[in-house]
Amino acid sequence: MWQSFFEEFFTNGFQRPAAGFFSWQHLAVVIPGLLLMTFLAFYFGKKKKNASFDSKLKVLKIGAIIMDGAELIKLTLAVIEFKDFSVLLSILPLFLCSIQLIALPLAAFTKGRMQKAMLDFVFIFGLLGAILGTLMAGNIYSYYPALHFAPLVSMFTHGIAGFASLYIGIAGLATMEKKNIAVTVGTFLCFLVVAEVVNLSLHKNYMFLVTPDGTPFEIVWSWTQGNPVLYPILVSLLMVLYMGAFYGVYYAVKSALAKKTQRLADAHA
């Protein structure tokens, strides 16, 4: 019985049918997870808003440890199942959403300019990654049953990334300083380059730069008709443009709020 349960819940030897992308099983699992993620982010964000910087960071440190701990368990089980360490080459943290496995610990445990840049990085990409890795994860839920270790731990780690993103914004940890934009964008470009090098060297599909694999990049794939040069260029450009749009919206909202505050101050003067 234990072996059957282990194979069904923890390995790729399961016999149950896949949940199906946007099926009721898929939505029944991820929507409560996203709601819980949002609730906890607002709860802790509001609670820590006026706390010291170090106190605010404690929440991220705990989140980073739990997130990477869950991922380590997943990697360990994969090695046990396949009895081969080379399986790890297929699950490196080089997807847009899994990059948070590296970025969140850097945001929580480093210091100075790197820490500020990584806090901004998690702020920018954490929530997007959470949505792409749960609600829009056609590549996962078209293959696995909804109640399986792989999609559950994926939802868990992506949920923590989304929580961290919202928490950073609500608690006031994001600086979005213009002097750090180069570091934030440069870090992302480094991940892109590493992902493409690994793709070309090991025939992988990190960052979905080779094929969309059930992600929203299917639209780009259709536009380019799967062109092996144009497709990865456009996918990369879209991700960089997303960063630019995020910065633009952030500064616009910040400027509008500052003007409103000033008008209210002038009215009461």
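The values are calculated or read from the model by the stated rules, or taken from the named source; none is laboratory data. Remember, predicted model here, so these are calculated numbers, not experimental data. Here the Cβ positions follow ideal geometry from the backbone for every residue, glycine too, while neighbour counts run over all protein chains shown.
For the stretch 1-20, filtered to residues that are farther than 21 Å from Lys74 by Cβ and touching a residue at least 24 places away in the same chain (Cβ under 8 Å), the residue that is surrounded by the most Cβ atoms within 10 Å (Cβ to Cβ) is Gly20.
A Cβ distance below 7 Å, combined with a sequence gap of six or more or placement on separate chains, defines the contacts here; from the stretch 223-243, residues that are more than 15 Å from Leu192 (Cβ to Cβ) reach residues that are of a type in the set (Phe, Trp, Tyr) and at pLDDT 95 or above in the pairs Thr224/Tyr231.
Yes or no: Leu77 under 19 Å from the mean Cα position of the chain (by Cα) and of a type outside the set (D, E, K, R)? It is false that Leu77 is under 19 Å from the mean Cα position of the chain (by Cα) and of a type outside the set (D, E, K, R). The residues on offer are Ser52, Ser4, and the sole one that is out of contact with any helix residue (DSSP H, G or I) (no Cβ under 9 Å at 6 or more places or on another chain) and farther than 20 Å from Leu173 by Cα is Ser4.
Condition check ((1) within 27 Å of Val210 (Cα to Cα); (2) within 13 Å of the chain's Cα centre (by Cα)) across all residues:
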residue	(1), (2)
Lys83	no, no
Ala117	no, no
Phe123	yes, yes
Ser142	yes, no
Pro145	yes, no
Ala150	yes, no
Phe163	no, yes
Ile170	no, no
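Just give me the residues in the stretch 65-77 being without any contact (Cβ under 8 Å) to a residue 60 or more places away in the chain and either of a type in the set (A, V, I, L, M) or farther than 18 Å from Ile99 by Cβ (or both), in sequence order.
Of everything in the stretch 65-77, those that are without any contact (Cβ under 8 Å) to a residue 60 or more places away in the chain and either of a type in the set (A, V, I, L, M) or farther than 18 Å from Ile99 by Cβ (or both) turn out to be Ile65, Leu72, Leu75, Thr76.
One residue alone among Gly33, Gly13 is over 23 Å from Asn180 (Cα atoms), touching an Asp or Glu at 6+ places or on another chain (Cβ under 8 Å) and of a type in the set (Gly, Ala, Ser), and that residue is Gly13.
Remark: Lys58 falls outside the filter, which requires a residue to be assigned to a helix (DSSP H, G or I), out of contact with any Cys (no Cβ under 9 Å at 6 or more places or on another chain) and in contact (Cβ under 8 Å) with a residue 12 or more places away in the chain. Any residue at all in the stretch 44-57 that's more than 14 Å from Gly162 (Cβ to Cβ), at pLDDT 95 or above and in contact with a Leu (Cβ under 7 Å, 6 or more places away or on another chain)? Within the stretch 44-57, one or more residues are more than 14 Å from Gly162 (Cβ to Cβ), at pLDDT 95 or above and in contact with a Leu (Cβ under 7 Å, 6 or more places away or on another chain).
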